[in-house]
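Each reported figure results from applying straightforward, stated rules to the coordinates on display, with no laboratory input. Quick caveat, the model's predicted, so the values are computed rather than measured. Because the Cβ atoms are built from the backbone with ideal geometry, glycine has one as well, and the counts that use them run over all protein chains shown.
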Amino acid sequence: HLMKVFLTRRIPPEGMKILSAAGGCEVSQWDSDEPVPRTELLRGVQGAHGLLCLLSDKIDTEVLDAAGPNLKVISTLSVGFDHLALDEIKKRGIRVGYTPDVLTDATAELTVALLLATARRLPEGVQEVKNGGWSSWKPLWLCGYGLSASTVGVIGLGRIGMGIARRLMPFGVKRLLYSGRTAKPDAAEVNGEFVPLDTLVSESDFIVVSCSLTAETQGLCDKAFFSKMKNTAVFINSSRGAVVNQEDLYEALTSGQIAAAGLDVTTPEPLPTNHPLLTLKNCVVLPHIGSATYSTRGVMAALSARNLLGGLQGADMPSELKF
Ligand code: GLV
Ligand code: GLV
């Protein structure tokens, strides 16, 4: 009796090799680099014992019902799991695998790159070089903000938040504030000060959002939030787009309430090319590439394949989500 497995996308070969070497699986796949259409997802999961999905696949009651009672394991190729209806998954006794840790370095690195690019206006500068706007060296041209002697506030000092803080400290950051549900023992390493969110927002020169998307963090960065920020402060988000109210962010960026924003995540994804945020020079938007290094994506694929196999076999999963 072969176990039926459905993969919602083409994944790096590191993952496929593990699945084929394991044997015992009848793998079907949406064999494309583009997202599986909803109808194909609902068809593909029918009777599946295992589902390997991405953060762009919404796994809700409808998908779980379409899969039916065989489904034992959902393995997501992501650290985030806000796309999974965990209550429904739990009710059905389905196990979940995800990919924490292996993408921490890549994501923290990208976040630092985005912060520097936004604060020092790199995309604008590149554009000026190309379009002839570079007329001479000018004392007041393309000035931005530096990390030296600054205060950085990290919202959500988890694995990735700590990775970001560790990388930023050597730039000469003076104070590292963080907020979240609980104080973190790890924070001592970066002299992190656990402060109320309001304090973080009003005192930081750079705010980095690195929390997961939950009912508590949905829309956290709204009009009231931006109105408390310094006019010279830079806002960075590499967690999930829905933590931010984008209309309020647009208003804050155009009114001079805040200096600039760098986003690796948006709502929706992809962001339509006619979106108002894309008209702003002081907003740098990336296409959700936090974990996008060749090696990290390979390791993520391997880990998600091992999680899937562990779940199918009723054995240990290397990274099982406890929920
Ligand atoms: C990326 O956003 C992830 O959740 O892995
Ligand atoms: C979760 O996103 C983390 O910080 O690892």
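For the reader, a short list of remarks on this structure follows.
- Fewest-first ranking of 306, 10, 181, using other Cβ atoms within 10 Å as the exposure measure: 181, 10, 306
- Counting only lysines at least 8 places from residue 4 when in the same chain, those with an alpha carbon closer than 25 Å to its own are 17, 58, 72, 90, 91, 322.
- Sequence of 31, 65, 205 once ranked by neighbouring C-beta atoms within 10 Å, starting from the fewest: 31, 65, 205
- Label zone at residue 189 (point 7 Å along Cα-to-Cβ), backbone N below 20 Å, region 276-294: 291
- Between helix 294-312 and the chain: long-axis angle, C-alpha atoms, 0 to 90°, nearest 10: 40 degrees
- Note on the chain: dipole from Cβ charges, positive end direction compared against 117, 74, 148; the farthest Cα belongs to 148.
- Principal-axis tilt of helix 13-22 within the chain, Cα atoms, nearest 10 degrees: 20 degrees
- Note on the chain: with charges restricted to the Cβ of Lys and Arg (+1) and Asp and Glu (-1), its dipole about the Cα centre is near 420 debye.
- Angle of helix 104-119 to the longest C-alpha principal axis of the chain, folded into 0 to 90 degrees and rounded to 10: 30°.
- Prolate/oblate/rounded call for region 1-55, Cα gyration tensor, a/c under 1.5 rounded: oblate
- Annotation: amide H-H contacts under 5 Å for residue 285 (H modelled 1.01 Å from N, sequence separation of 5 or more, or interchain): 263.
- Here's how it looks for residue 153: its modeled amide H is under 5 Å from those of 177, 205, 206, 207, 208, which are all 5 or more places away or on a different chain.
- In terms of overall dimensions, region 104-285 has a Cα radius of gyration and Dmax of 15.9, 51 angstrom.
- Alpha carbon centroid spacing (whole Å) that separates region 218-239 from region 38-80: 34 Å
- Bridgeable aspartates and glutamates around residue 281 (alpha carbons under 15 Å apart, same-chain partners fewer than 8 residues away excluded): 124, 128, 251.
- A Förster distance of 45 Å, applied to the separation of the beta-carbon atoms of residue 61 and residue 138, puts the FRET efficiency at 0.15.
- Reciprocal mean inverse distance between Cα atoms of the chain - Kirkwood radius, Å: 21.1 Å
- As a calculated quantity, the FRET efficiency between residue 43 and residue 251 at R0 = 25 Å, using C-beta atoms, amounts to about 0.05.
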